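Working notes for the structure below.
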Amino acid sequence: MTDLQIYLTLGVFAAVILVIAFDLVDMVVAALLGVSVLIVFEVIGGADILPIIDTAGGPLALLFGGMVVARVIGKTGVFDWLGDAFLRATGGSGKRLLLLIVALVAPVCALLPNATAVILVAPVIIGVCRALKVDFVGPLIITAIVSNAAGMLTLVGDPATFLVGSAIGLSFIDYLRMVSPGGVLAVLAVVPLLPLLLPEIWSTRISLPPERPRVRIEHPKFLALALLVLLTMVVLFLIGESLPNHIVPPEVAIIGAALALLVVYGVRIEPVGEVLRDVDWKTIIFLAAIFTLVQGFIKTELLQGFSIQLYDWFGSDVMPVALLSLAGIGILSSLLANIPVVSAALVMITGYLVAAELVPEIALARGFTEWPNAVLPVFVAMMFGGTLGGNATLIGASANVVAVGICSAQGRRVTFMQFLRIGLPIAVVQLTVGALYVLGLARVQS
């Protein structure tokens, strides 16, 4: 790559971020224009397609499969029933609404990808907010943020944590032992900030109307089959990797999507094409474009240079590198979609560990799993940085992009600064909690 191409790649990165931050152009248009510039100047070419698919395929498959299954379940009418029950549980209190969002979203995100969870619960939350006569934008932003934090509860909860966990060969059970307690702390860190960030909703109190007749499910067989598909996905998420043929989470998501579409075709309530049309392709295209931009950045070989620089600064002392990774990835994940940021950081951190002779050079190859316990906190720090740093802005995580898209579809456009006002304070607190957790984990591992 020539010097001109390197400077161009960095310039395109900065331009795309600024254009999105100042809301000058739609974020999908901005990302695609950035990719187009890299293609025209031959930074990205045909040879990059396979590396991009290799990195982006898993997270995007999780997102697509989750969207299809959520769309099918939404058609069953179960959300109307849940919305009525959720409204009654609030008792007309905005404070209860916000606390119940945390209580509802966290367990869902423990077993389903976070963007999928947002798609599933958004109709319920919007309906309840309208009944309480409060703006649903704030609660939906909180929903996305909680889903990201709760995504750290299990290996499949967030694509960024899955990316890191799968790269180092971390099993579902090992993840529960090593990372999940930190996810619990990250979720709980949101609660004390709710009255400060959403004071009007927190203080809302209204009298609910008399209880309405129970919502009736018109197609109970359809609901039963859709929930069976969801249950199948959850079971495969839990045990798929221990099966003889090793069904990994992205493959589970595709299987779930296929079964959900089969149910739609079998019951003939609506055409399969309508389900696929309602998939949030805008979010998927945006993330694919960001992955492509990151591939261009990787080709500059600046990451390899950073790897050597880290070794020059810290030698083989991994703890400062872990904390720097948490902070650095956290900041970058607030400016770019967290999944590709984490993907790029994996290249850099692995290069550092090899340079520091903490792992053999074979660790640079895909599939290496013999990581010493002493280096594992670095990867956990990457998970915290990528997952929680993405909470700061509307483009920082796929769940954020999905939540903003839902608001837009409901007639409420969310600006970059509007999301930042809520997301940034929460991200700072959560990253601080994450740093303390990584310090404690390093002591245990040593």
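The values are calculated or read from the model by the stated rules, or taken from the named source; none is laboratory data. These numbers were taken from a predicted model, which means no experiment stands behind them. Please note: Cβ atoms are built from the backbone with ideal geometry, for glycine as well, and neighbour counts cover all protein chains shown. Please note that ligands, DNA and RNA were not included when accessible areas were found on the heavy atoms of the full protein model with its side chains. Shrake-Rupley method; radii C 1.70, N 1.55, O 1.52, S 1.80 Å.
Which whole number of Å³ per residue matches the convex hull of the alpha-carbon atoms in segment 223-269?
On the way: hull volume 2.9 nm³, N = 47.
Looking at segment 223-269, the number lands at 61 Å³ per residue.
Over all directions, what mean area does the Cα convex hull of segment 72-219 project, stated in square nanometres? Don't skip to the end; give the middle numbers.
Values: hull surface 38.2 nm².
Spelled out: convex hull of the Cα atoms, projected over all directions, averaged, 9.5 nm².
Report Asp3's accessible area, 1.4 Å probe, all protein chains in place, as a number in Å² to the nearest 10.
Around 100 Å² of this residue is reachable by solvent.
Among the aspartates and glutamates, which have Cα under 13 Å from the Cα of Lys95 when same-chain residues fewer than 8 positions away are ignored?
The reachable aspartates and glutamates, counting only those whose Cα sits under 13 Å from Lys95, are Glu200.
Carbon-plus-sulfur fraction of the accessible area of segment 286-374, 1.4 Å probe, in percent?
In segment 286-374, the share of accessible area belonging to carbon and sulfur is 62 percent.
Put one equal scatterer on each alpha carbon of the chain, apply the Debye formula with no solvent term, and list log10 I(q)/I(0) at q = 0.09, 0.11 1/Å to two decimals.
-0.56, -0.85
Hey, got the dipole for segment 19-137? About the Cα centre, +1 on K and R Cβ, -1 on D and E Cβ, debye to the nearest 20?
780 debye
If you add up the charges near Val263, with Lys and Arg at +1 and Asp and Glu at -1, over every other residue whose beta carbon is less than 13 angstrom from its beta carbon, what do you get? Let's see the in-between values first.
Details: positive: Arg71, Lys75, Lys221, Arg268; negative: Glu270.
Residues near Val263 contribute +3 overall.
Report, to the nearest whole %, how much of the accessible area of segment 33-147 belongs to carbon and sulfur atoms, 1.4 Å probe, protein only.
Carbon-and-sulfur percentage of accessible area, whole number: 69.
Find the percent of Cα-Cα distances in segment 266-310 that exceed 13 Å, and round it to a whole number.
Looking at segment 266-310, the distances longer than 13 Å represent 70 percent of pairs.
Given just the C-alpha atoms of segment 154-304, how large is their convex hull per residue in cubic angstrom?
Here the figure is 232 Å³ per residue.
Return the Rg/Rh value of segment 352-446, two decimal places, where both radii are evaluated on C-alpha atoms and Rh is the Kirkwood radius.
With Rg and the Kirkwood Rh in hand, the quotient comes to 1.15.
Take segment 47-103, compute every pairwise Cα distance, and split them into 5 Å bins from 0; I just need the percent in each bin.
Per 5 Å bin, starting at zero, the Cα-Cα P(r) for segment 47-103 comes out as 4, 15, 13, 13, 13, 12, 10, 7, 6, 4, 2, 0 percent.
Subtracting the Cα-Cα distance from 0.36 nm times the residue separation, let me have the gained length for Ser408 to Thr432 in nm, one decimal.
5.5 nm
Just to verify a number: what accessible area does Glu301 come out at with the full protein assembly present, 1.4 Å probe, Å² rounded to tens?
Near enough 120 Å² of accessible area.
Among Pro192, Leu261, Gly367, flag the residue with its Cα farthest along the positive direction of the charge dipole of the chain, charges on Cβ as +1 for Lys/Arg and -1 for Asp/Glu.
Pro192
Which order do Met1, Met67, Met348 take when ranked by solvent-accessible area (1.4 Å probe, heavy atoms of all protein chains), largest first?
Descending order: Met1, Met348, Met67.
Assign unit charges at the C-beta atoms only (+1 for Lys and Arg, -1 for Asp and Glu), then state the dipole size of the chain relative to its Cα centre in Debye, rounded to the nearest 20.
Dipole magnitude for the chain comes out near 1800 debye.
Name the residue farthest towards the positive end of the dipole of the chain from the options Phe379, Leu33, Thr393, assuming +1 on Cβ of Lys and Arg, -1 on Cβ of Asp and Glu, about the Cα centre.
Comparing the listed Cα positions along the dipole, Thr393 ranks first.
Explain nothing, just the number: dipole magnitude of segment 240-307 about its Cα centre with +1 on each Lys and Arg Cβ and -1 on each Asp and Glu Cβ, in debye rounded to the nearest 20.
Roughly 140 debye for segment 240-307.
Roughly how many whole Å is it from the C-alpha centroid of segment 371-399 to that of segment 186-260?
One Cα centre to the other: 23 Å.
Once you sort the root eigenvalues of the Cα gyration tensor of segment 131-205 as a ≥ b ≥ c, which label holds: rounded (a/c under 1.5), prolate (a/b larger than b/c) or oblate (the other case)?
prolate
Using a probe radius of 1.4 Å on heavy atoms only, what accessible surface per residue do you get for the chain? Whole Å² is fine. Numbers along the way, then the final one.
Working: 18740 Å² over 446 residues.
Value returned for the chain: 42 Å² of accessible area per residue.
So how much accessible area does Leu364 have, in Å² to the nearest 10, using a 1.4 Å probe?
Roughly 100 Å² of Leu364 is accessible to a 1.4 Å probe.
Dipole of segment 305-446 (Lys/Arg Cβ +1, Asp/Glu Cβ -1, origin at the Cα centre): which of Gly328, Val444, Val354 lies farthest to the positive side?
Going by the Cα projections, it comes out as Gly328.
Pulled fully out, how much extra length does the chain show between Val191 and Ala89, if you take 0.36 nm times their separation in residues and subtract their Cα-Cα distance?
Gain on extension, Val191 to Ala89, equals 34.9 nm.
By average Cβ neighbour count within 10 Å, what is the ranking of 134-144, 409-419 from highest down?
Result, highest mean Cβ count within 10 Å first: 134-144, 409-419.
Would you rank Leu50, Leu155 by solvent-accessible area, highest first, keeping every protein chain in place and using a 1.4 Å probe?
The ordering from most to least exposed comes out as Leu50, Leu155.
Extension gain Val267-Asp23, at 0.36 nm per residue separation less the Cα-Cα distance, in nm?
Extra length from Val267 to Asp23 when fully extended: 83.5 nm.
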